[in-house]
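First up is the structure itself, then whatever we jot down about it.
Read the figures in this text as sums done on the coordinates, not as results from a lab. Given the structure is predicted, the values throughout are model-derived calculations rather than measurements. As a convention, Cβ positions derive from the backbone with ideal geometry for all residues, glycine included, and neighbour counts pool all protein chains shown.
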Amino acid sequence: MGIYIKIFFIFLLVSNTEARPISYSGGHTLMHFNDNMKESIYYHYSPSFKYSIGVEELNNKIFDRSETNLRFTYLVNRKNTKNSQRNFYFQSAVSTKNSNFIYGVHGDWETRRYFIGFDYKEIKNIIDYTDKHIQLGFAPYLGAYGDLHTWLMLKTKKNSLSKKQITYPVVKFFKGNVLLELGYDKKTDWDIHLMYRF
Amino acid sequence: MIRLLFITIFSINLISSDEDHHMHQNSHNHYVYVQGEKLEVDQDRFKSFLDGLSNSQVAVVNVNGMVCDFCARGIEKTFVKDKAVKRIDVDLERGKVLIAYTKEKEIDFDEIKSKILANGQNAIDFSILNI
């Protein structure tokens, strides 16, 4: 049972640190994720807008265990139009401490008003499993460049271990180079995701 | 695994198609010297941008894919490294980037396209306004 819980929370962690997986060319990104059960810091560098490389340090507060992952994300396809952008990414991670690894795809489409994204992963761990999520978002107002921007979102996710679908609200704020995302579910409590680009 | 590989390979082919499409669009560059009214910019924002500027030239660039403030940040960071750039602003609502250059700068649209592409967006065309 402990192994299932550990993997389940690693899954939650990974799925929440994938917003904006690649920065602009030469851009650095630092992310912090925390809730009452886990904490992570993920840094990535984007040599090009098409891919990023990074390292992620995880700490599972329940089992007091840490893990380090090397991560690589590649922008397979992007379609820009005047009012929208669509992205399709390949993503992967390998552990530095064992033979565990993750690979999958992530896609999104957004306008200034609407957002829809999906994520699918295969996780090779002590027990292999898959997970997926869909996220829908709506901007209640359209801010100008430099303003505080707000998104109201709904996220639903499921993995092959728990076989339970969880749906919960997420609110996202960003201003300048800082992004804050808060999600809440009765079972998993608060998700706090902070991102800084430089 | 095979499904993932197939989707990935298929999508890689789509990249070049999109870029080719944009290359055709970008071949229609034009230089228009106007007073600002015909540039389809937010007039208040544009006046604020021009405030205090003199002996300059302003490039008004139409950009595709600039749908979010957080995503457009890199454009500003890239252009301000150029010493010939005096000021830059982003108009998210109209999908435009305003760049104020020194008078001496020879504005090259390919250079602008390249810098905006480095941020992941596509510059479609531009106009130049002399101040």
Problem - Peptide A:69-80 - average C-beta neighbours from other chains (10 Å radius) - result: 5
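At 222 nm, what value in deg cm²/dmol follows for chain A if DSSP H runs of at least 4 each add -39500 (n - 2.57) and the sum is divided by all its residues, to the nearest 500?
My calculation for chain A gives -2500 deg cm²/dmol from helical runs alone.
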Practice task
Have a look at the range B:30-130 and give its Rg and Dmax from the Cα atoms, expressed in angstrom.
Solution key: 12.3, 32
Exercise for the section: From other protein chains only, count the Cβ atoms within 10 Å of every residue's Cβ in A:85-91, then give the mean. Expected result: 4
Fill in the blank from the handout: Quick calc: nm separation of the 7 Å Cα→Cβ label points for A:D64 and B:T102 -> 6.2
Practice task
With everything on Cα atoms, drop me the angle between helix A:2-16 and the longest principal axis of chain A, reported from 0 to 90° to the nearest 10.
Solution key: 10
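Would you tell me the mean number of C-beta atoms belonging to other protein chains that fall within 10 Å of each C-beta in B:60-69, as a whole number?
Neighbouring Cβ atoms belonging to other protein chains average 6 per residue here.
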Problem - Inter-probe distance in nm under a simple model that places probes 7 Å from Cα toward Cβ, at B:S48 and B:S114 - result: 3.3
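Report the full-extension gain for the segment A:Y43 to A:K186: residue separation times 0.36 nm, less the Cα-Cα distance, to one decimal in nm.
On the way: separation 143, 0.36 × 143 = 51.48 nm, distance 2.92 nm.
Result for the pair: 48.6 nm of gain on full extension.
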Handout entry: Expected-Rg normalisation [2.2 N^0.38 Å, Cα atoms] applied to chain A
Key = 0.99
Completion exercise
Output for the range B:61-106: GluC sites (Glu not before Pro) sitting in coil per DSSP, at most 10 other Cβ within 10 Å, listed by number, reads B:E104, B:E106
